[in-house]
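The structure under discussion appears below in the form of structure tokens.
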Amino acid sequence: MQKPFAVTLDPGSSRANHTGSWRTSRPVYVDNLPPCNGACPAGENIQAWLFHAEAGAYEAAWRVLVRDNPFPAIMGRVCYHPCEGACNRRKLDEPVGINSVERFLGDEAIRRGWKFDAPAASSGKRVLVVGAGPSGLAAAYHLAMLGHRVTIREAGPLAGGMMRFGIPKYRLQRDVLDAEVHRILELGVELVLNSKVEDIIEAIKDGGFDAAFLAVGAHIARRAYIPAGDAVRVLDAVSVLRGLEGEERPMLGRRVVVYGGGNTAIDMARTAKRLGATEALIVYRRTREKMPAHDFEVEEALQEGVMIRWLSTIRQAGSQGITLEKMVLDEKGFPQPTGELETIAADSVVLALGQDVDLSLLDKVPGLEIVDGVVKVGSDMMTRHPGLFAGGDMVPSERTVTVAVGHGKKAARHIDAWLRGRTYAPAPKHADATFERLNAWYYSDAPKTVRPMLDLIRRQSTFDEVQGALDESTALFEARRCLSCGNCFECDNCYGVCPDSAVIKLGPGERYRFDYDYCKGCGICAEECPCGAISMIPEDI
Amino acid sequence: MHQPIKFYQTGTHTIGNRLLKPEQRTVQSDRGRSNSLNCGHRACQGCGEALGARYAIDAAMDATRRQLIAANATGCLEVFSTPYPESSWQIPWLHSLFGNAAAVATGMAAAMKVKNRSDVRVIAQGGDGGTTDIGLGGLSGMFERNDDVLYICYDNEAYMNTGVQRSSATPPAARTATTAAVGDEPGNVFGQGKDMPAIAMAHGIPYVATATVADLHDLEDKVAKAIAIRGAKYIHIFVPCPLGWGAAAHDTIRLARLAKETGIFPVFEAERGEVTGVLRIRRKTPVEEYLKPQRRFAHLFAPTPRPDVIARIQAIADRNIRRYGLLDEGAR
Ligand SMILES: Cc1cc2nc3c(=O)[nH]c(=O)nc-3n(C[C@H](O)[C@H](O)[C@H](O)COP(=O)(O)OP(=O)(O)OC[C@H]3O[C@@H](n4cnc5c(N)ncnc54)[C@H](O)[C@@H]3O)c2cc1C
Ligand SMILES: Cc1ncc(C[n+]2csc(CCOP(=O)(O)OP(=O)(O)O)c2C)c(N)n1
Ligand code: SF4
Ligand code: SF4
Ligand code: SF4
Ligand SMILES: [Mg+2]
């Protein structure tokens, strides 16, 4: 080639110069565990379904959600949303309204008639589920999806367990419950109502089942001895609430005293108000801080006119009404009697002191370990008896719908493996996606969307739903508040901010790749990744 | 409490955002961006100038449908991109001298006019030294004649290529090779230096703007706007230099962001000498947070802390905030 004056070399591209050799540390893409996912008792992949919801792809979002939990519409109403308590966004302004988006998706699915994907090919195995509460139903759902034939035997006249016979309508409308239960039955799950299992070994043998999952809940109300005359009726909350599902309205009178400090006590008092009580008073031994009921529920009850007497016990129920004794907390925080008495007028006392499990169906099963009235299970949810699994309120754990659903899922996975002669090993957990790894600058300012509440008058006189739903626009807004902690959401920052153009963009859904031939290891990408999905690791040099 | 439905998670803060409409997305987020300044250049790790140049020239390439030529002043940008016989530039690009980029570009624009190539647009670019010091005469002439050139200054606040000497864009109190951190008033003096965007505005040219590498959407918008205008345009881009400032390579964008958020570097645009828009401060930040990560300001913190000097720097930032209305509601 004829070169111009003074030019001796052909022009070349700087790509010949592999600046990657300068590097002392390299960026790598990571996937970390977002705190919401880590906190969900049902093990939902929240961030993943929010990702679809953010784009308005609600059906895709719902499909990701129901891989772990078949009850989004129910969850969106009754779950105590520990996910929100853990959400990293709470350190910026307020947590993402995960629960309200979940409800929106669940309601949307009902409205649009979305069905589950087709189950896996039949395994030829049969599983008995005892109890059609959230735990049994969730297990049945997952087992059916995994290809097993499931029969649920339920003692009561309708499915739902405490979701129907405990949680009042003003928090969970029954058409919602029915719709989500029906969708599970559509998978071919057989539900046999009014069919109490008296002897589990016999039931498995007679039915020819290959395994069983027990989820009978905790339905026996704990009593406290209260000397009583005939002027005041003494009832228990579980029976009263259960009775509401029938035709009759329980006779509570005008002045109702509820004894206990849990969520059941709160629901009982709020129910009494709605049934026409002029006074609904909760009596609790300890202070408000020590109350096991959730703060927001206490708050809602107070708004509705429920009264609460903390640091008090009921000594007796006589013709004059009931006698309360004032308590004080000792140094260890235990309530101690003071001897100071007071009598108040009351027509009825409803006990809400917790429930025990009816374990009679297990009487003939040898070798079970029963501790404090509940059945011990291993990390695979199996009891000491091979092939007999259990979950929900009847095993040691927190008693919530979501925990029960999580047990059902976990048990189903282990039952599936057990039936196939394998063991189920969950994928190892990723490292935590901490707030400190985020670069919060990049997220737009956006306060949480508040769900509408029913007006007070109707909350005091009807069983209409108290908490309203988000609409499409507010749900979308709320979904987009998610920070995508710890997992790339394809914001292109790394692709853009690299001064050496050493990040290769692979296209929608395909993420990115580092070009280590040119990456000098400056670390700007890791610093400017909003969600902490890039780590710098030292090169061995 | 009606929520604005126009909420897009990261809005326009990030380089890309799958939730935005395609026309709202940046040139940089596009897989097909021209990558005008290619890989393999020899800029330091984390170089803000290399980044700023790719941002600006890619945006100009997009705005001109890739009919773009550039003249480049001597400086890091020229040296690290073109070690003979290699080049990182994927555009027609010409280097002549340290002080004459504006004049060379004027010639290029004239040539295009003669050749009837109104589609081809011309950029001149250089460092702060090449712009505010040695090249100012030629640049002023280019403004005065209203030549159809977009001049871009990459301001890293000193002569980096030759070893970090002071320029007339070096900030007060900064230590450079020629402004030692000794004596009562350590580092660069207060009260000198040139406010180059204001000088450009004083020429009454059609368009003047400032930008930083921390706000890509803003930077790209300004380049596109400048390209759409015929006549002389000036864009002054703030580009942190890890080497010259004694900062961590990974802090380049963070420092640019802090310069804007403290008010140290006002981001605005002006048409025919009048300010027409400013980028609002989003999280007002004291100047210490900007100064501390940079070794060129280390003498303000140790061994003898100099709150008095820091207060004078804060006063400069506060004046910018007042002067440009950087906290005003109306600002973007
Ligand atoms: C008033 C009240 C309000 C509550 N509110 C909430 C709330 O807002 N959020 C929340 O997360 N949790 C709430 N809980 C707790 C939650 O309802 C329970 O933790 C959850 O329902 C437990 O699920 P499970 O499937 O283990 O049992 P259950 O829901 O109790 O279901 C067990 C089922 O098994 C059936 N059964 C029992 N024995 C047999 C047998 N031998 N043969 C066949 N069937 C049998 C029962 O009839 C029942 O249908 C509330 C509880 C109460 C009482
Ligand atoms: C007439 C002339 N004087 C001095 C030099 C040496 N020189 C080359 S680049 C440079 C400084 C460049 O500083 P700046 O314009 O700020 O660019 P930077 O390297 O900081 O990006 C100097 C002094 C030269 N090339 N020509
Ligand atoms: S089920 Fe409960 S904890 Fe899980 S995502 Fe939904 S609201 Fe959160
Ligand atoms: S911001 Fe999103 S990913 Fe992070 S914890 Fe909250 S819901 Fe989960
Ligand atoms: S910077 Fe953005 S695109 Fe890059 S890894 Fe992080 S989230 Fe993904
Ligand atoms: Mg310079």
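The values are calculated or read from the model by the stated rules, or taken from the named source; none is laboratory data. Since this is a predicted model, take the numbers as computed values, not measurements. Using ideal geometry, Cβ is built from the backbone for each residue, glycine included, and neighbour counts are taken over all protein chains shown. Note: accessible area is taken over every heavy atom of the protein model, side chains too, but ligands, DNA and RNA are not part of it. Shrake-Rupley method; radii C 1.70, N 1.55, O 1.52, S 1.80 Å.
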Using the Kirkwood radius over Cα pairs, work out the Stokes-Einstein diffusion coefficient for the stretch A:259-317 at 25 °C and 0.890 mPa s, in µm²/s as a whole number. 216
What nm value, rounded to one decimal, do you get for the distance between B:GLN67 and A:GLN460 when each label is placed 7 Å out toward the C-beta? 7.6
Amide H within-cut-off set for B:ALA124, under 5 Å, with H built and near neighbours excluded: B:ALA71, B:LEU150, B:TYR151, B:ILE152
What are the extents of the Cα atoms of chain B along their three principal axes, in Å, largest first? 62, 57, 39
Along the Cα→Cβ direction, 7 angstrom out, place labels at A:GLU198 and A:ARG112. What is the inter-label distance in nm? 4.9
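Remind me, relative contact order of chain B in percent, using alpha carbon pairs under 8 angstrom and six or more residues apart? Kindly include the intermediate steps, with their values, before the conclusion.
Values: 666 pairs, mean separation 50.2, N = 332.
Reported relative contact order: 15 percent.
Go ahead and estimate [θ] at 222 nm for chain B from helices alone: -39,500 (n - 2.57) per DSSP H run with n ≥ 4, summed, over the residue count, rounded to 500. Working shown, then result.
Numbers: 10 runs with 103 residues, N = 332.
One gets -9000 deg cm²/dmol as the mean residue ellipticity at 222 nm.
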Ellipsoid semi-axes in whole angstrom, largest first, where each is sqrt(5λ) of the Cα gyration tensor of the protein assembly as shown: 69, 32, 23
Report the paramagnetic label zone for B:VAL120: residues of the stretch B:83-97 whose backbone N is under 12 Å from a point 7 Å from Cα along the Cα-to-Cβ axis. B:92-94
Return the subset of A:LYS91/A:LYS332; B:LYS6/B:LYS222; B:LYS222/B:LYS260; A:LYS429/B:LYS6; B:LYS113/B:LYS222 for which the Cα-Cα distance in this structure is over 26 Å, preserving the input order. A:LYS91/A:LYS332; A:LYS429/B:LYS6
Rounded to the nearest 500, what is chain A's calculated 222 nm mean residue ellipticity when only DSSP H runs of at least 4 contribute -39500 (n - 2.57) each, over all residues? -8000 deg cm²/dmol
Partners for A:LYS196 among lysines (Cα-Cα distance below 18 Å; same-chain residues under 8 apart left out): A:LYS205, A:LYS364
For A:CYS36, what accessible surface area do you get with a 1.4 Å probe? Give it in Å², rounded to 10. 20
Could you list which residues have their amide H under 5 Å from that of A:VAL258, counting only those 5 or more apart in sequence or on another chain, with H placed in the peptide plane? A:LEU281, A:ILE282, A:VAL283, A:VAL350
Report, to the nearest whole %, how much of the accessible area of the stretch A:224-353 belongs to carbon and sulfur atoms, 1.4 Å probe, protein only. 48
Go through A:TYR29, A:ASN69, A:ALA433 and say which Cα lies farthest out towards the positive end of the charge dipole of chain A; charges sit on Cβ, +1 for Lys and Arg, -1 for Asp and Glu. A:ASN69
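With every protein chain present, what is the per residue accessible area of chain A (1.4 Å probe, Å²)? It would help to have the intermediate numbers written out before the result.
Details: 23030 Å² over 541 residues.
Roughly 43 Å² per residue, with all protein chains present.
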List the residues whose amide H sits under 5 Å from the amide H of A:ARG384, counting only those 5 or more places along or on another chain, with H placed 1.01 Å from N in the peptide plane. A:GLU369
Can you list the HN-Hα couplings for the stretch A:232-245, worked out from phi with the Karplus curve (6.51, -1.76, 1.60; θ = phi - 60°), rounded to whole Hz and with x for Gly and Pro? 10, 7, 10, 10, 10, 5, 4, 5, 5, 5, 4, x, 5, 6
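Filter the cross-link list B:LYS21/B:LYS225; B:LYS21/B:LYS292; A:LYS115/A:LYS409; A:LYS505/B:LYS21; A:LYS125/A:LYS376; A:LYS115/A:LYS169 down to pairs whose alpha-carbon distance in this structure exceeds 27 Å. Numbers along the way, then the final one.
Details: B:LYS21/B:LYS225 20 Å; B:LYS21/B:LYS292 39 Å; A:LYS115/A:LYS409 19 Å; A:LYS505/B:LYS21 19 Å; A:LYS125/A:LYS376 25 Å; A:LYS115/A:LYS169 25 Å.
Going by Cα-Cα distance, B:LYS21/B:LYS292 fall outside the 27 Å limit.
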Length-normalised contact order of the stretch A:360-474, Cα under 8 Å, at least 6 apart, in percent, tallies to 13
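So in the stretch B:196-332, what percent of DSSP beta bridges are antiparallel if you round to the nearest 5?
Numbers: 6 of 12 bridges.
Antiparallel bridges: around 50 percent, rounded to the nearest 5.
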When the chain is fully extended, how far beyond the present Cα-Cα distance does A:GLU340 get from A:SER473, taking 0.36 nm per residue of separation? 42.3 nm
With θ set to phi - 60° and the Karplus curve 6.51 cos²θ - 1.76 cosθ + 1.60, what are the ³J(HN,Hα) couplings of the stretch A:2-17 in order, to the nearest whole Hz, using x for Gly and Pro? 6, 9, x, 3, 6, 9, 10, 10, 6, x, x, 9, 5, 4, 5, 9
B:SER140 label point, 7 Å along Cα→Cβ, cut-off 14 Å on backbone N: hits in the stretch B:199-213? B:199-204
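How much of the DSSP beta bridge set in chain A is antiparallel, as a percent to the nearest 5? Provide the component values of the computation, followed by the final result.
Numbers: 27 of 60 bridges.
The antiparallel proportion sits near 45 percent.
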Need one number: buried accessible surface between chains A and B, 1.4 Å probe, both sides summed, DNA, RNA and ligands left out, in Å² to 100. 4800
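How high is the relative contact order of chain A? Use alpha-carbon pairs under 8 Å, at least six apart in sequence, and give a whole percent. Before the final figure, lay out the partial values.
On the way: 1140 pairs, mean separation 119.7, N = 541.
Reported as a whole number, the value is 22 percent.
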If you bin the C-alpha pair distances of the stretch A:224-353 every 10 Å from 0, what whole percents do you get? 14, 45, 34, 7, 1
Note on chain A: helices (DSSP H) long enough, at least 24 Å by alpha carbon along their axis, and hydrophobic enough, mean Kyte-Doolittle at least 0.0, are A:401-419
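If you restrict to DSSP beta bridges whose two residues both lie in the stretch A:224-353, what percentage is antiparallel, to the nearest 5?
Values: 13 of 30 bridges.
If I count the DSSP bridges inside the stretch A:224-353, around 45 percent turn out antiparallel.
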How large is the charge dipole for the protein assembly as shown, taken about the Cα centre, if only the Cβ atoms of Lys, Arg (+1) and Asp, Glu (-1) carry charge, to the nearest 20 debye? 880
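For chain B, what is the accessible area per residue in Å², given a 1.4 Å probe and the full set of protein chains?
That works out to 39 Å² for each residue.
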What list of ³J(HN,Hα) couplings, whole Hz, do you get for the stretch B:245-250 from phi and the Karplus terms 6.51, -1.76, 1.60, once you set θ to phi - 60° and write x for glycine and proline? 9, x, 10, 5, 4, 7
